[in-house]
Structures are given as C-alpha cells and as structure tokens.
1. Of everything in region 336-357, what is crowded, with 20+ Cβ neighbours inside 10 Å and in contact (Cβ under 8 Å) with a residue 40 or more places away in the chain? Give them in sequence order.
2. Answer yes or no: is there a residue in region 370-380 that is assigned by TED's automatic domain parsing to the domain that holds residue 263, under 23 Å from residue 234 (Cα atoms) and in contact with a helix residue (DSSP H, G or I) (Cβ under 7 Å, 6 or more places away or on another chain).
3. Within region 258-275, work out how many residues are touching a residue at least 40 places away in the same chain (Cβ under 8 Å) and farther than 25 Å from residue 393 by Cβ.
4. For region 102-122, check the following and say yes or no: at least one residue is free of Cβ contacts under 8 Å to residues at least 40 places away in the same chain, part of a strand (DSSP E or B) and surrounded by 17 or more Cβ atoms within 10 Å (Cβ to Cβ).
5. Tally the residues that are out of contact with any strand residue (DSSP E or B) (no Cβ under 9 Å at 6 or more places or on another chain), farther than 19 Å from residue 74 by Cβ and in contact (Cβ under 8 Å) with a residue 24 or more places away in the chain, restricting the search to region 21-51.
6. In this structure, does residue 218 turn out to be more than 30 Å from residue 95 (Cα to Cα), assigned by TED's automatic domain parsing to the domain that holds residue 157 and in a loop (DSSP other than H, G, I, E, B)?
7. Please enumerate the residues belonging to region 9-45 that are in a strand (DSSP E or B) and exposed (fewer than 12 other Cβ atoms within 10 Å of the Cβ).
8. For the condition within 25 Å of residue 299 (Cβ to Cβ) and out of contact with any strand residue (DSSP E or B) (no Cβ under 8 Å at 6 or more places or on another chain), what is the one hit in 136, 108?
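The values are calculated or read from the model by the stated rules, or taken from the named source; none is laboratory data. As the structure is a computational prediction, the values presented were derived from the model and not from experiment. With ideal geometry, Cβ positions are generated from the backbone for all residues, glycine too; neighbour counts draw on all protein chains shown.
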C-alpha cells in the first residue's frame, strides 16, 4: 500500500522574514506531530531561514530529492512550552473565577495561556473571598449601560430664577457634595490598582465607580458656578471626616465605611435634595448622581456579604472600624452648619417662621431616615438588630 504524499506548501517568492513564517506555522499546525510537510519556494535564503525558524520550535528540517521537508516536532510551539493557563480554558464557565489566582498570570486575560517566563504581578488584593461579588458581572453591565453625559443629560440652559439666599444655599450644598465625592473617587481609585486582573469585573466596577464620582464632581461644580463665581465653605470637621475614609488601608473596611455607610447615607441626602430642589438643574443633577450611588452601595453590600459568609470574624473588624472612626472624630464639629442651614432653607422654601420650622423638622426626619436605613443595611449584612442600630448611631454626623 502506497503511503500518501506529505502535504505541500508553496511559498513562491515569499521569504520567511516577510511573513512566510506565518504560513509555515499555519501549515504545521494542520499536521500531526512526527509527520512531514514539503515546502517549496524561490526565495534564495529560504532553507537558511527555515532552519532557524524550525530549530526554535523543535521541528526537523532536511533536504530530500532537492526538496525541503519539515518534520513537525512532538513538542508544542516554543511560546507554549511550559505555558500555564490563567484559570479555566473557557472563561465563561461557572467556576472560571478561581479562589487564588497566581501572580504569574500577570495581566493575562482570564482563561488565556501565559507563556513561561512572563513577569509575576503581585497584587495585594488577590483572594476571591476578599473582593468578589457573585453579581459583579451584572453590576458592571448595569453600570456601563447607565452612563450619562453631563453635557446633555442635564438641562443646563433651562431658565430659572432663585432668591439670592436660596441660590447661596444651593452653592454651599454643592460645595459640600464636591468634596465628599472627591473622597468617594479617591478610595476606589486607590484600590483598583491593587486587584489581581483575574477579578476583572470587580476591577472594572471600581474603575467605573471612580468615573461616576468624577462625573458627579463635574456636575456639582457646574451647578454651583451656574449663577455664582465662587464656591462655598469647606470645614475642618468635614475634611477630617473624609480623611478617615481616604486613609483607610484595608479594602473591606474602606468599602464598608464608604459604600455601605457613607454612600448609603448619601443616597438619602440626594433624594432629599431631589424632593426639595428649587430648580430643574439641581433636581436632575442629584437624581442622576443618586442612581449611580445606588449601584455603588449594591456592590459594597454584595461583596461584603460574600466576604462575611466565608470570614465571620470580619464582623468584629467592621464594628471596630466604625468605633475607631467615631473616636477619631469625637472632637470634630460634624456637619457643616452652613450645609445644615441650607438644607433647612431648601426644605422650608421661604424664611417664614412656620416654613422654617417645617424645613427644620424635615432635615431632622432626614437624619432619622439615614440612621434607620444604615441600620437596615447593617442587618442585611448579618449584624444583629441592637448592634446594627448602635453602629448606625456611631456613624459620622458629616453623613459621608
């Protein structure tokens, strides 16, 4: 029985150094190890270049009957020798996200082959239990789909007129919101660079969260300066409160203090401002910001809930973080008085004593709502009712 002739590749005048190597590798991938490939071509250095190419990949080159023959080696191609896979081959499989990805996987996509000798990237946040949320992919898709353009999403040109003191109150509140959102940008921005890229959905979520906060800073600043040339007051107490967030080095504690407690509290504030906004621009600015903040809170609850389920001792660390922050801020002034007065005025709508009383009561009710909702979020994480209420009461009076 006559053996079939080996497959033949005609490179014509194409040199190995001008793309012929691509065709040779392609042809070799199509045959089994240990079998031959005949190669023809008119390039004067074809044989020399083929020997170099094939030696590096473990293939044998010989000349038989004035024809070049390459026998495919039994080893894989050079870049694949010793390669490791960064997780499952199918990155969409249910168990594709591993518990502890190797530093050797570096920046490789989840499921990719990583060539031997690639540099190791040591990321502090490289444990699934520390940062993962089972609905991270869904939250990221939602965040990406709900991005909005500050230039077009808000009716900046819509005419309105406010009394000077009401406009001043809006400017002061916006000034306060800007510095709080700056802290809310810095925290995820600091941690995103510490995450192992294997957990790409969490990395993407934190990146888009930082982008959300950058957008909030933009629109709050633009609203503050829409009718005024200067911003309002930033207080030492407010800055001290935010510093405790920015300086927290532990991801779980920072996420808890910022997303679950701070941004959760801010959600109530933003919807309060939406309800009492004196103009359409302010109303849309805080509405859009609140929609973004709700996602941030959802992720904080999701990943901390998972973390607590596998590390119950984290409950104690979270409680201590609240108490430590309370003790640190014990001697600070709390909420900016100008912000409090501005909230009262917006809720009152006028300076009539009866309206001011109603506005004052509304802000007190807001404070109580914030406290109640913080406690409910803490209970959702698994804190007992009494402890949840006690920790909620220790939260900073600066809201964030």
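1. Scanning region 336-357 gives 336, 339, 342, 343, 345, 346, 347.
2. Yes, region 370-380 contains a residue that is assigned by TED's automatic domain parsing to the domain that holds residue 263, under 23 Å from residue 234 (Cα atoms) and in contact with a helix residue (DSSP H, G or I) (Cβ under 7 Å, 6 or more places away or on another chain).
3. 0
4. yes
5. 5
6. no
7. Within region 9-45, the subset in a strand (DSSP E or B) is 9-10, 36-40.
The one that is in a strand (DSSP E or B) and exposed (fewer than 12 other Cβ atoms within 10 Å of the Cβ): 10.
8. 136
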